[in-house]
Amino acid sequence: MATYEKTKQELLIEMREKREQRRQAKLKLRRRRCIAAVSAFFVLTFIVTGTVYNAYAKEITITEINEFEGKNESRKIKTRSASVEDVLEEHGLDIGDEDRLNVSTLKPVSNNEDIVIKRGKRVKIKTGNCEEIVTVTKADITDALVEAGYIPGEYDMVSSNGDSLANSDTIELVSISHTEEVMTEAIQRGVDYVDSHDLLVGQEQVIDEGWDGIKEIEYKVTYQDGNEAARKIINETVMREAKNKVIARGTGTKKPALEKKKDVSQVIDNSGTIDGYRYKKKITMTATAYSTAPSENGGYTVSAMGNPLGYGIAAVDPNIIPLGSKVYVTSPDGSWSYGVASAEDTGGAIKGNKIDLCYDSNTSAFGRRSCVVYILE
């Protein structure tokens, strides 16, 4: 009986253990199902949240261009930021005073928005006598000028103070222009000399003044910033040929001294001739003398008619004796005689019936003398 009771007790214990094992197995299964459900919930929540975020995020393209550094990069991003400024701040993109944006920073961001950042720099532009500080984003010098509002002409010169604008801070624009000009210029006359026995050696007399020629010259003129830089002849046309001046040079040897005495019989006024020279008029005048020294002639060494000063030239008042006239000068009593002279000089003090006789030198003793001047034919 005792053995039976013992066996029954063992069976009861075994049954209770099996029931407990089954209960624990059910609890484990229940926990696994709960964990799986929670995990599934979180996964589903993440998927749904991501899907909702992506559904409301905007896809935009940001392009950054820096021509001075050779940079041109684009990237696509998703953002829920409201404005361009927020997008740039979100991605750490600073915009300096020299930089340029294609849109306002206050603009609301739209889906598929394109934001372009162009990096710039400040440079000085010099034109003529003017200077201006501007901001440019172009690395090419000419493009930078156009961006700043300067349009170089076809022939203008553009340069910078560096080998490229990336390492330069100054651009210089020199305006170049070309024009054609027509001017009239003189063709200088030459001088031809002929010998004359009627003049003493050293004397000269203008026979024909001649004239300067005229030519028309066409120039191509280059200007830099409004100032003439170059002038080139492209055509010449002679409008009038020049005619040479003709001058007679004396070959005669008769040259009386200053105080040469001459007998009255040698100077004969024979009703229309004097000493063998025919005259058309005679005038009583006062004679003085001057030398060829420049100090006595205002620095000049030639007469009013352009001939070298020397014996045989006389200064007269053209209102009394016309310039170019041949005269014969002698004293009224024949005590002295200058002989033949060419009236081709003038003087500030030679007015009226006065004549100033030129000598090579040694005129201080001449003083003032009465004379008769015969105007020769």
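The values are calculated or read from the model by the stated rules, or taken from the named source; none is laboratory data. Remember, it's a predicted structure, so these values are computed and weren't measured experimentally. Positions of Cβ are backbone-derived with ideal geometry, glycine not excepted, and every protein chain shown enters the neighbour counts. Only protein heavy atoms, including side chains, enter the accessible area calculation; ligands, DNA and RNA are left aside. Shrake-Rupley method; radii C 1.70, N 1.55, O 1.52, S 1.80 Å.
Once each part is reduced to its C-alpha centroid, what is the distance from the range 201-227 to the range 338-369 in angstrom?
35 Å
Across 10 Å bins from the origin, how do the percents of Cα pairs in the chain run, short distances first?
With 10 Å bins starting at 0, P(r) equals 4, 13, 12, 7, 7, 6, 7, 7, 7, 6, 5, 4, 3, 2, 2, 2, 2, 2, 1, 1, 0, 0.
Which Cα, out of Ala315, Ser331, Met305, lies furthest along the positive dipole direction of the range 281-377 (beta carbon charges, K/R +1, D/E -1)?
So the residue furthest toward the plus end is Ser331.
Give me the dipole magnitude in Debye, nearest 20, for the chain about the Cα centre, with unit charges on the beta carbon: positive for Lys and Arg, negative for Asp and Glu.
2960 debye
Please sort 21-32, 333-344, 234-245, 273-284 by packing, taking for each peptide the average over its residues of neighbouring beta carbons within 10 angstrom, highest first.
333-344, 273-284, 234-245, 21-32
Give the carbon-plus-sulfur fraction of the accessible surface of the chain in %, rounded to a whole number; probe 1.4 Å, heavy atoms of protein chains only.
Result for the chain: 51 percent of the exposed heavy-atom area is carbon or sulfur.
Below 12 angstrom from the Cβ of Lys76, what's the summed charge of the other residues (Lys, Arg +1; Asp, Glu -1)?
Once all neighbours under 12 Å are counted, the net charge is -1.
Quick one: angle between helix 2-56 and the longest Cα principal axis of the chain, in degrees between 0 and 90, rounded to 10, please.
20 degrees
Residues with beta-carbon under 12 Å from that of Asp140, excluding Asp140: net charge, scoring Lys, Arg +1 and Asp, Glu -1?
Here the count lands on -2.
Take the residue pairs Lys76/Lys121; Lys76/Lys138; Lys78/Lys121; Lys78/Lys124; Lys58/Lys118 and return only those whose Cα atoms are more than 32 Å apart.
Lys78/Lys124
If you put +1 on each Lys and Arg Cβ and -1 on each Asp and Glu Cβ, how big is the dipole of the range 63-113 around its Cα centre, in Debye rounded to 20?
That gives the range 63-113 a dipole magnitude of about 420 debye.
Which value, in Å², gives the accessible area per residue of the chain when a 1.4 Å probe is used on the protein heavy atoms?
That works out to 62 Å² for each residue.
Alpha carbons only, please: Rg and Dmax for the range 174-239, in angstrom.
20.8, 67
Per DSSP helix of 4 or more residues, -39500 (n - 2.57); summed, then divided by the residues of the chain. What does that give at 222 nm, rounded to the nearest 500?
Computed ellipticity for the chain at 222 nm equals -6500 deg cm²/dmol.
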